[in-house]
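Notes follow once the structure below has been shown.
The values are calculated or read from the model by the stated rules, or taken from the named source; none is laboratory data. All values derive from a computational prediction rather than experimental measurement. Cβ coordinates were reconstructed from backbone atoms using ideal geometry, including for glycine residues, and neighbour counts include every protein chain displayed.
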Amino acid sequence: MGVPKPTSNNEWALYRLPDELVIPTGTRIQKHGYGCRFKNEQVYVDFDFGELGEINGFDCWRLNDFCRDNLKTKYGFDSQKDLERAFEDACLANELVYSGYILWYDHTNYGQNSEA
């Protein structure tokens with residue numbers, strides 16, 4: 001995109017960018033609040049940057065949004081409720097760590113500013 005990766009979600013929120021960009025691959029990129037959406041014919045990803053600019057945080061809503069029509073065929077969940085139960089079970093088993101604001105992280109890399 002030609003925009004440096006932010007050092008925080010607040011820095012990202014303050015970037016002045018067009019509402020939507022299209023890169024040469026045909027991927028549409030839409031900035032919003034603390035995050036952005038990437039969309040083309042094969043991929044749809046929506047994420048928020050973490051407090052320190054992390055890109056590896058997620059929540060159950062975004063997981064469901066990412067899986068879309070492939071919950072069962074590609075990811076093995078019979079329904080959105082099954083995904084939600086699995087997410088909750090992972091939280092209860094301390095496999096996921098809550099950031100304190102929206103995002104969750106895999107406990108093995110919480111606090112790391114991972115690359116996608």
Which of the residues belonging to region 5-29 are among the polar types (S, T, N, Q) and at pLDDT below 90?
T25, T27
Quick one: in region 25-56, which of the residues that are aliphatic (A, V, I, L, M) and farther than 22 Å from L83 by Cα is surrounded by the fewest Cβ atoms within 10 Å (Cβ to Cβ)?
L52
Residue check for D69: at pLDDT below 90, charged (D, E, K, R) and farther than 29 Å from V3 by Cβ:
yes
Pairing a residue in region 37-59 that is over 22 Å from I23 (Cβ atoms) with any residue that is part of a strand (DSSP E or B) and of a type in the set (S, T, Y), where Cβ atoms lie under 6 Å and the two sit 6 or more apart in sequence or on different chains, gives G57/Y105
Subset of region 57-97, residues surrounded by 13 or more Cβ atoms within 10 Å (Cβ to Cβ) and of a type in the set (S, T, Y), comes to Y75
Kindly indicate the residue of region 34-53 that is modelled with pLDDT of 90 or more and in a loop (DSSP other than H, G, I, E, B) and also farthest from S99 (Cα to Cα) among those meeting that condition.
Y34
Which one is nearest to the chain's Cα centre (by Cα), of the residues in region 80-99 that are assigned to a loop (DSSP other than H, G, I, E, B) and touching a residue at least 12 places away in the same chain (Cβ under 8 Å)?
S99
Could you tell me which residue of region 1-33 is nearest to I102 (Cα to Cα), considering only residues that are among the aliphatic types (A, V, I, L, M) and without any contact (Cβ under 8 Å) to a residue 24 or more places away in the chain?
A13
I'd like the full set of residues that are of a type in the set (V, I, T) and in a helix (DSSP H, G or I), limited to region 54-77.
none
Test E54 against the stated conditions and say whether it is acidic (D, E) and over 12 Å from the mean Cα position of the chain (by Cα).
no
Which of the residues that make up region 63-83 are in contact with a Leu (Cβ under 9 Å, 6 or more places away or on another chain) and within 26 Å of E51 (Cβ to Cβ)?
L63, N64, C67, L83
